[in-house]
Amino acid sequence: MRIYEVAKLLNISNKELLEILERHGMQAKSHMSTISQDDLDKLNVILKEKKQTPSKIAKDDTKPKRENQIEKSSQKVEKVEKIIEKKELKREPEDISRPAAQPPEFIVKPMTLGEIAEKINKPVSELIVSLLKQGVVCTKNQLLSEKLVEQLATSYGFSISYPKKEKEETKIAVIEQEEGFTERLPIVVVLGHVDHGKTTLLDFIRKTKVALKEKGGITQHLGAYEAETPQGNVICIDTPGHEAFSNIRGRGVKVADLAIIVVAADDSVMPQTVEAIKKAQDANIPIIVAINKMDKVDSSRLEVIRTDLARYNVLVEEWGGDVIAVPISAKTGDGVDRLLEMVVLQSQLMDLKADLERPASGFVLESRLEKGLGPVATIICQHGILHIGDYFAAGYSIGKATSIIDSYGKRIKKVGPSIPVQIAGFSELPHAGDFFEVISQEKYRKLKNSKDARVAYQAKYIVSDQAIKLIVKTDNSSSQEALLTSLNKLSSKMKKEIYIVHSGIGDITESDVVLATNTGAMIVGLHIKIESNAIQIAQKNIVRIMLFDIIYKLLEHIESIIKAEEPVKMVSKKIGEAVIRKVFQIKNIGVIAGAYVKDGRFAREGRIIAWRGKEKIGEGPIKSLEREKRSVKEVHAGFECAFLVEGIDDWQVDDRAECYINVPESK
């Protein structure tokens, strides 16, 4: 048996059991270690001596199967009897007058129309029609208020109940208080290569269709979600797998306690998988490998994955290492419960604690502009409790918390460690990755009036006409950072430089278009829109605006523009050859060569190289080309012509003339 299975039977923590084993000289590395039959027998003796009455966990192979079952049944009966004696189980007197069937109960809380339809087992279209009759227009993924949820549930015959409110509406992951420190929920970062199933895994856990909301099937923002699981709540940080988002993944690792690295069984270890492993190892956080897409491959594929992981110092338990690897299918859900159980067990061994007495502090995960709220940011606190009205500083930005919204879209008054929330009240957009801390009102006032406060971004005006000039607008700071980093890499490998005239967050405005007009720049936008007045000015001033939903599509487009504007390399190509048959000396014009075209053609835009035997006698461009006393553009093989060449006057009969033109170099 494994340690965690024994601990579960004894109803004690893994840590407690490991300490008992260590004190009595029994070796066990972690909760995943196995315990031998001899050690199980010793453990039973030790616990009996301490007058602890655990279930008998040592399995006696000699005892008949029926006898084992009787023993287990009697243990269950004894347990129930003890509960009854302690009056922990209260039985109500049977009421004959009470109806046999009670209406189903519905817990009222804000939820999407799709979630309501699933709970009451009705089609979404029926609920949409029902709401329309009440004058409410709603879509499947729209979040409904508690009042509307209550109306719908009541209309379908459900009895209403409300979830228990948290004390003082505080969102705090408190599990156990000890000496001023509080045990907190684990923060798990989910990493891996693009399209290996990271978001689909979180989608299955959280049941919010996160994957379906992403453009092009890839996650392009760092999102933090509180996932409710039977094993306990876990804070999951989802990260994009595209190579452009390397820094974002790095920040996810920075705030996490452990990492789930998702590897697709049909693809194995890929470049971003290697990067994820390295980031987790550098941060010195435990790794759990989720081998995804097992529904698509044979189980023998597992050995290939384990071999590939071993190349990067990730040795799984099956090969004698200490890394847990769980085969799963994020699509069907197979193995996901075991994966979450391993996450919770691993976090228990880490003994995660937070100090609630000190001012709240943590990290900014991402930031963006939101209508009606201004600059907002997703943060995770590591210590302390953040309240509405607290003054704070994040990087060069300062502010006062005017609203706190949790990952379910609910407004709360305060939040504790490990819980991801969106807060508003920033003086300006903080950078993703900035350290966040609550400060006193006095310090806030000093920073607000300080000349050392953050200086607004100064646009970089470009004078070079050879560069590709861009104004970059994105929806949040994570996207901005990823895009600017990628454009910088693209610029370094291309022959034409990319200059960023200005970068900002939010929709494209009139001032962006005016700046583009004055600097000759193009405007590119990622996950944003154009304001209506800006469209009119852009059309009037012929400003080029390009909007994209996927970052690599934007980069490919910019690359194609650069290649199209690169100067074309020309090479000289021989297109024809002629023999001189007659020479004419014309006053005030020059020497004209009469020739017969033997091969190819002679073109008026061509250049002539003249040969006498093997000796080159000169070269120069054709000034005029005639056939039958008429000026022509070209003369083909088999015909006679006359031409005047600049720089060649010494023509003789039987001289050879070769015609060349410049053409683009073939790649």
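Residue count for region 501-534, restricted to those that are within 27 Å of Gly372 (Cβ to Cβ), in contact with a strand residue (DSSP E or B) (Cβ under 8 Å, 6 or more places away or on another chain) and of a type outside the set (D, E, K, R): 16. When you scan region 331-338, do you find a residue that is at pLDDT 85 or above, among the small types (Gly, Ala, Ser) and outside any loop (DSSP other than H, G, I, E, B), even just one? Checking region 331-338: not a single residue is at pLDDT 85 or above, among the small types (Gly, Ala, Ser) and outside any loop (DSSP other than H, G, I, E, B). For region 597-617, the set of residues classified as in contact with a His (Cβ under 9 Å, 6 or more places away or on another chain) and within 11 Å of Tyr660 (Cβ to Cβ) consists of Gly600, Phe602, listed by residue number. When region 473-517 is filtered for residues that are without any contact (Cβ under 8 Å) to a residue 12 or more places away in the chain and over 24 Å from the mean Cα position of the chain (by Cα), the ones remaining, listed by number, are Ser492, Lys493, Ser511. The set of residues in region 25-48 that are open to solvent by 80 Å² or more (accessible area, probe 1.4 Å) and in contact (Cβ under 8 Å) with a residue 24 or more places away in the chain comprises Lys29, Thr34.
Can you spot a residue in region 351-361 that is in contact (Cβ under 8 Å) with a residue 60 or more places away in the chain, under 30 Å from Lys473 (Cα atoms) and of a type outside the set (Val, Ile, Thr)? Within region 351-361, one or more residues are in contact (Cβ under 8 Å) with a residue 60 or more places away in the chain, under 30 Å from Lys473 (Cα atoms) and of a type outside the set (Val, Ile, Thr). So, Asp599, is that one of a type in the set (D, E, K, R), surrounded by 13 or more Cβ atoms within 10 Å (Cβ to Cβ) and within 30 Å of Ile523 (Cα to Cα) or not? Against the criterion (of a type in the set (D, E, K, R), surrounded by 13 or more Cβ atoms within 10 Å (Cβ to Cβ) and within 30 Å of Ile523 (Cα to Cα)), Asp599 does not qualify.
Checking region 331-347 against the condition returns no match, with no residue being more than 30 Å from Gln382 (Cβ to Cβ) and over 28 Å from the mean Cα position of the chain (by Cα).
Scanning region 364-401 for residues that are part of a strand (DSSP E or B), open to solvent by 30 Å² or more (accessible area, probe 1.4 Å) and within 23 Å of Arg184 (Cβ to Cβ) yields Gln382, His383, His387. Does Ile586 meet the test of being free of Cβ contacts under 8 Å to residues at least 12 places away in the same chain, farther than 30 Å from Lys493 by Cβ and touching a helix residue (DSSP H, G or I) at 6+ places or on another chain (Cβ under 9 Å)? Answer is no for this residue.
Return the residues of region 403-423 that are open to solvent by 10 Å² or more (accessible area, probe 1.4 Å), over 20 Å from Ala354 (Cα atoms) and in contact with a Leu (Cβ under 8 Å, 6 or more places away or on another chain); say none if nothing qualifies. Once the filter is applied, which keeps residues that are open to solvent by 10 Å² or more (accessible area, probe 1.4 Å), over 20 Å from Ala354 (Cα atoms) and in contact with a Leu (Cβ under 8 Å, 6 or more places away or on another chain), region 403-423 yields only Gly409. Considering only residues of region 424-433 that are outside any loop (DSSP other than H, G, I, E, B) and among the hydrophobic types (A, V, I, L, M, F, W, C), which is surrounded by the most Cβ atoms within 10 Å (Cβ to Cβ)? Among those residues, the one meeting the criterion is Phe426. Counting only residues that are loosely packed, with under 15 Cβ neighbours inside 10 Å, within 23 Å of the chain's Cα centre (by Cα) and not in a loop (DSSP other than H, G, I, E, B), region 275-320 holds 2 of them. Among the candidates Val336, Val323, the residue that is crowded, with 20+ Cβ neighbours inside 10 Å and closer than 18 Å to Val189 by Cβ is uniquely Val323.
If you go through region 139-151 one residue at a time, do you hit one that is on the phi < 0 side of the Ramachandran plot, crowded, with 18+ Cβ neighbours inside 10 Å, part of a loop (DSSP other than H, G, I, E, B) and modelled with pLDDT of 55 or more? No, that holds for no residue. Inspect all residues belonging to region 292-309 and state whether any of them is in contact with a helix residue (DSSP H, G or I) (Cβ under 7 Å, 6 or more places away or on another chain) and under 23 Å from Ile419 (Cα atoms). No, that holds for no residue. Restricting the search to strands (runs of 3 or more DSSP E) fully inside region 604-667 and requiring at least 1 residues that are without any contact (Cβ under 8 Å) to a residue 40 or more places away in the chain and over 30 Å from Lys563 (Cα atoms) gives 615-627, 634-636.
The values are calculated or read from the model by the stated rules, or taken from the named source; none is laboratory data. Predicted model, so just to flag it, every value in this text is computed and none were measured. Counting neighbours? That spans all protein chains shown, and the Cβs are built from the backbone with ideal geometry, glycine included. Heavy atoms of the whole protein, side chains included, go into the accessibility calculation; ligands, DNA and RNA do not. Shrake-Rupley method; radii C 1.70, N 1.55, O 1.52, S 1.80 Å.
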